[in-house]
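The values are calculated or read from the model by the stated rules, or taken from the named source; none is laboratory data. Given the structure is predicted, the values throughout are model-derived calculations rather than measurements. Virtual Cβ from ideal backbone geometry, glycine too; neighbours counted across all protein chains shown.
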Amino acid sequence: MNIDAPTKGADSPATRATSIYERLKSDILSAALEPGRKLQLRFLMEHYDAGQTPLREALNRLTTEDLVIGKEQRGFFVKPISLEELGELTKTRCWVEGLALRESMANANAAWEEALLVAHHRLERAPRSLNPDRFDSNPEWERLHRAFHAKLIDGCGSRPLIGFCEQLADRLNRYRALSSRKAFRVRKVSQEHADILKAVLGHDTEEAVRLLQRHYAQTADFIHEDLVSSDAGNMEQPAASLVPPAS
């Protein structure tokens, strides 16, 4: 076997298209491409060093994920933020992750609890901000934060349920990205995570689910207040109410 031979498909059109899709999605979720922004093909081709065909494929794929909207004769836009959507997504996430956490705890074993402890320990050691004097989001903290929440539910025994939870987390992440700077010095997120972990390891299912749902509802409440006070120009009409009390 020739070990120097290039891997088949390593730089194929499909691989490049996937890479462009992932970069676009990441920039939308982090709000680097802000809500409501028109996605002009010329700009995207230059910024991502990509051709028109793979870009259109990526944009169409993101449209199916409800992160991009296409308007006839006007092109593609990053989907605007909406307080109504924020409420619906948060309520649904509370429901489905509450169910997934219940199942994970019902299936709990020593290996899962140990992995959860490790995930929490790594998250605790990572600084939330890269700059101690002003908020500068730490990508490593974001990755470890996602890993901790994923570990809470990965023992539920349902890949479709986990996949749906991941989609909800993605769609809510861009709302978090818009308000993280203000929330940085206000919320005690680290303590919220520690409390959830304590309830899980104490096998108190009701308390663990309650704390997880409250954690998400508090995030939504903070984002709601921040967006309303800032009167964001790229925000759709707000809903009358946001998230019902978690139960």
Ala111 touching a Gly at 6+ places or on another chain (Cβ under 9 Å) and either touching a residue at least 40 places away in the same chain (Cβ under 8 Å) or assigned by TED's automatic domain parsing to the domain that holds Asp221 (or both): no
Contacts under 6 angstrom Cβ, first residue in the stretch 60-75 being in a helix (DSSP H, G or I), partner surrounded by 13 or more Cβ atoms within 10 Å (Cβ to Cβ) and among the aromatic types (Phe, Trp, Tyr), 6 or more apart: Arg61/Tyr21
Test: residue in the stretch 15-28 that is at pLDDT below 90, surrounded by 18 or more Cβ atoms within 10 Å (Cβ to Cβ) and in contact with a Ser or Thr (Cβ under 9 Å, 6 or more places away or on another chain): yes
Any hit, the stretch 144-160, residues being of a type in the set (Val, Ile, Thr) and over 15 Å from Ala208 (Cβ atoms): no
Out of Ala199, Ala232, sole residue that is over 17 Å from the mean Cα position of the chain (by Cα) and modelled with pLDDT of 90 or more: Ala199
Arg176 vs. criteria under 20 Å from Leu211 (Cα atoms), among the basic types (Lys, Arg), touching a helix residue (DSSP H, G or I) at 6+ places or on another chain (Cβ under 8 Å) and buried (at least 16 other Cβ atoms within 10 Å of the Cβ): yes
Filter result for Asp226 (assigned by TED's automatic domain parsing to the domain that holds Ala106, buried (at least 16 other Cβ atoms within 10 Å of the Cβ), modelled with pLDDT under 90 and within 21 Å of Leu89 (Cβ to Cβ)): yes
Any hit, the stretch 190-209, residues being in contact with a Gly (Cβ under 9 Å, 6 or more places away or on another chain) and among the small types (Gly, Ala, Ser): yes
Residues being exposed (fewer than 15 other Cβ atoms within 10 Å of the Cβ) and either under 15 Å from Gly70 (Cβ atoms) or not assigned by TED's automatic domain parsing to the domain that holds Gly70 (or both) - total across the stretch 29-40: 2
Among residues of the stretch 32-55, those that are in contact with a Ser or Thr (Cβ under 9 Å, 6 or more places away or on another chain) and on the phi > 0 side of the Ramachandran plot, counted: 0
Matching residues, the stretch 122-138, being loosely packed, with under 13 Cβ neighbours inside 10 Å and either modelled with pLDDT of 90 or more or of a type in the set (A, V, I, L, M, F, W, C) (or both): Arg125, Pro127
Search result, residues across the stretch 140-169 that are touching a residue at least 60 places away in the same chain (Cβ under 8 Å), within 27 Å of Thr64 (Cβ to Cβ) and buried (at least 17 other Cβ atoms within 10 Å of the Cβ): Ile162, Cys165, Leu168, Ala169
